[in-house]
1. How many nm is it between the label spots at A:Q160 and A:R568, if each spot is 7 Å from the Cα in line with the beta carbon?
2. With a 1.4 Å probe, what is the total accessible area buried between chains A and B, in Å² rounded to the nearest 100?
3. Using protein chains only (no ligands, no nucleic acids) and a 1.4 Å probe, work out which residues of region A:344-367 have their accessible area cut by at least 30 Å² relative to the chain alone.
4. Of all beta bridges DSSP finds with both residues in chain B, what is the antiparallel percent, to the nearest 5?
5. Taking Cα pairs under 8 Å and at least six residues apart, what relative contact order does region B:133-238 come out at, in percent?
6. In a shell of Cβ-Cβ distance under 13 Å around A:R104, excluding A:R104 itself, what net charge do Lys and Arg (+1) and Asp and Glu (-1) give?
7. Which of the residues in region A:1-26 show a loss of at least 40 Å² in accessible area from their chain by itself to the complete set of protein chains, at a probe of 1.4 Å?
8. Just to confirm a number: summing +1 for Lys and Arg and -1 for Asp and Glu over residues other than A:R32 whose beta-carbon lies under 13 angstrom from that of A:R32, what do you get?
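The values are calculated or read from the model by the stated rules, or taken from the named source; none is laboratory data. Source: prediction; values computed, not measured. A quick note on method: Cβ atoms are made from the backbone with ideal geometry, for glycine too, and the neighbour counts reach across all protein chains shown. Please note that ligands, DNA and RNA were not included when accessible areas were found on the heavy atoms of the full protein model with its side chains. Shrake-Rupley method; radii C 1.70, N 1.55, O 1.52, S 1.80 Å.
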Amino acid sequence: MDALRQAVRKALADEALQAALDANAERRRAARERAHATLPEPWEVMRGRAAEVRADILAHWDEVLTRFVARARANGFIVHQAADAAEARRIILDIVAAQGPAPRLVAKSKSMVTEEIALNAALEAAGHRVVETDLGEFIVQLRHERPAHIITPAVHLRRQEVAQTFHDLLGMPYTEDVAAMTATARRHLREVFLQADVGISGVNFGIADTGGICIVTNEGNGRMVTTLPRVHIAVMGAERLVRTPEDLALMLELLPRSATGQDLTVYTTLIHGPRRAGEDGPEERHLVIVDNGRQRLAQTPLADALRCIRCGACLNACPVFREIGGHAYVGRHGEPTPYPGPIGIVISPGLFGSEKFGNLPYLCTLCGACAEACPVEVPLPELILRARAPQPATRHSPPATRHSLFATRHSLFATRHAPPFRSFLALYARLATRPHLFRRAQRLLAAATPLLARLLPIPFLQGVGVSEETGIANEESGITNEELGIANEESGIANEEPPFAIRHSQFATRNSPFATRLTALDGEILPAPDMTTAGEAIVRFLQREEVTEVLAWAPEHLPAEVTAALQRAGIAFCHGEPAACRVGLTGAALGIAATGSIVVPSGAGRPQAASLLPEIHIAVLRRGDIVPDLTTALRRLDLAAAGMTAIITGPSRTADIEMTLTLGVHGPRRVVVVLVG
Amino acid sequence: MKVLLFGTCLAGTFRESIIQGAVRALQRAGAEVLIPRGLTCCGQPAFNAGDWEDARRMARHTIGVLEAAGDVPVVLLAGSCTAMIRHHYADLFADDPAWLPRARALAARTYEFTEFLVDVLGVTDLGVRFPYRITYHPSCHLLRALGVDRQPRALIAALHGAAFVELPHADECCGFGGVFSAEFPEIAHAMLERKVANIAATQADYCLTADPSCLLHIQGGLRRAGVPTRMLHIAEVLGETWQKG
Ligand code: SF4
């Protein structure tokens, strides 16, 4: 039996996996539909625009990539371009080696490209220690497994399995309490963040006009690995570009909704280079842009797959993925692919070759649920059909030798499974151009069906003959299917285009006020009419929490009234050991009403750590600085002026263990916005 | 109005009552139905199996037969075959200046059965009595590749005496997928089990659909699971060519 079929059977027999996949499919679908309802414009309109944005990038790829690289360099990124996986690994190994002799400690946040280039194995082979810091990835890494889903890596595990892993490998007392498990991971990984020599992250989007990168995470690990280690390496697929901040805003309206059903991820981090004078953050930022087959793919009929923004919605919508999960997608010889599901069965053969992964495009019924869910209109069923064709869409003139009815084409069958069925199809095709033989074959097949139904496990055959009326009076309707001759005259009927039914997604109202949105996400609001009251409110809050020191922006960057109130109350500004501080205090440049987000840019005297490391983050926001939506916010900001801009939407959260929502996995557990005015 | 009926190869092989039902229904709706001699298979099985060369040969054959039969609407009894002609013939001949216009011309006059009845003939009520508890499985190609959903539902709503129950998770695939269910019968079974459970939950006497392939696949699953609900093609109901049991 071939490797793929074996993997499929294993997955189907795994009850825990089946239960997890069912829960995933149902919740994700419901969440996605809810999130579509809060879009500022109808889903079909927005995804049409997003598809255009991505298609335009691919049409002008060289130009956009060149501009992006130039601007990123101007921002201080050290940019590397890797043609293939081996080159990407070598570049990254060299950067890590330059930090001192092995073992170096490398903290990673989730990145599919690093899975694609098998980076972890290479780093480990060089003697380094690599720790995955996304909770799901961390669990999967502890268990020496591979991610089962591009967004939720541990989707295949039940809490009992995670509990056992934490007990065995982290020495935690056995508990199935998800919050307790998450807290253990937080403690364990916090040490890793603080000690890591190098942080490695993926990139969700590169912004050509500003030369920056955007990374979205929910847990905060993405911010940790891009802020705390001295060196940050961002690894990016060469196609993951947008031109402008406005285009980025459009993508960010769609990506989190499609991925997890959130209006916006908790942390949307915009990075425009290494730390500037007086900022915190890495001294060195490397950007490794990986091609690894993408330019080649762009020349094939599968090119539209490069629009993909890796949201994972197609996986969640796919009925086949729902049955078998991500691990069952293996190549002809059992090689795993980092990309499962509908997009995976196109790009795995597309990027890594159909010699290896040409079997995968058949894991699909062509039902089209994926295309319906895709935020950038990747025409997945069309691409899957093309990925099945050995020489897709090329001009063809039938060779003279193809007239024999029973001609077999070994080149085609040699590499495929299920050759008997293939041979049947080839024969069928031959018959189809010979109507009389075809009709006879149909009768033969119909007669043989009861026998075939017993021999072959194909439900279809067992469905034949039920409720069918046999021997209906053909005389009555005046036709025989075969013998009817027809008139050939022109009929003069107008060929009207049929009116198609269009399925609308719901329109919904939005612009719910900032406070409503934030509190819905478990954020907190401290309203204050003016800065003096705000200062007093903060002091009262800190006293209730019995906090005497805060990790804060420098006094000159906080409102004078707030600084004065803190000083009067004897609350100290922590400078020594930031990690020990329970509360962080910052300002906020903007608030975003539609999502309840605050925008916190870095700068001299405005450490990112203050909004990231402590358990509680307090941010002072002027009501007048609230803008309606993300697009307005990104338009308003001078992105390249700050090394990092964090858009924070509520407290850190994860649902990586059995999709149970847990707050404060890496970033703050509480976000308190002091809303002034 | 004259129409050319392409019964599709599956119905022709395994279930002629679908074709006969469609003939009667179209006649009742006022159409003159002609079945061109020489139609076989539209080429979808080969196309879906990645064999575009065979698919092109079958497509050329089909185009040739339908051109010779006259420039009138072509009605198909399966969403997937309609999608094949309407969308994929153009893909097959994208680089073939001789055949591409012919493929496009055929695509422009090709209709799925329920779509043709409702949108072109403007008929929903054919006066058919069907006093049963019924549900409807929208096949994937009909629903998503063609965007045809309102039409079959309107035809079903107009049946006299029928009690309609919505199928839970109606838009989920039944697992047939042509080549797919032959190559991955295990997965097809698992998907089918879901569909069968959802149909069983409706306690319908009959589950209607508009695609012969899904119909037979699901019927196989119902039979295996011992669920008494029977699958019928809408054409069989409208043409009253089905039989009980
Ligand atoms: S193909 Fe579309 S739905 Fe699938 S991961 Fe990519 S963007 Fe998301």
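1. About 5.9 nm, to one decimal.
2. Using a 1.4 Å probe on protein heavy atoms, the buried area is about 8700 Å².
3. Correct list: A:Y362, A:T365, A:L366, A:C367.
4. 0 percent
5. With pairs under 8 Å counted, the relative contact order is 32 percent.
6. Working: positive: A:K108, A:R129, A:R230; negative: A:D94, A:E124, A:D197.
Charge balance in the 13 Å sphere: 0.
7. So the qualifying set is A:R5, A:L12.
8. +2
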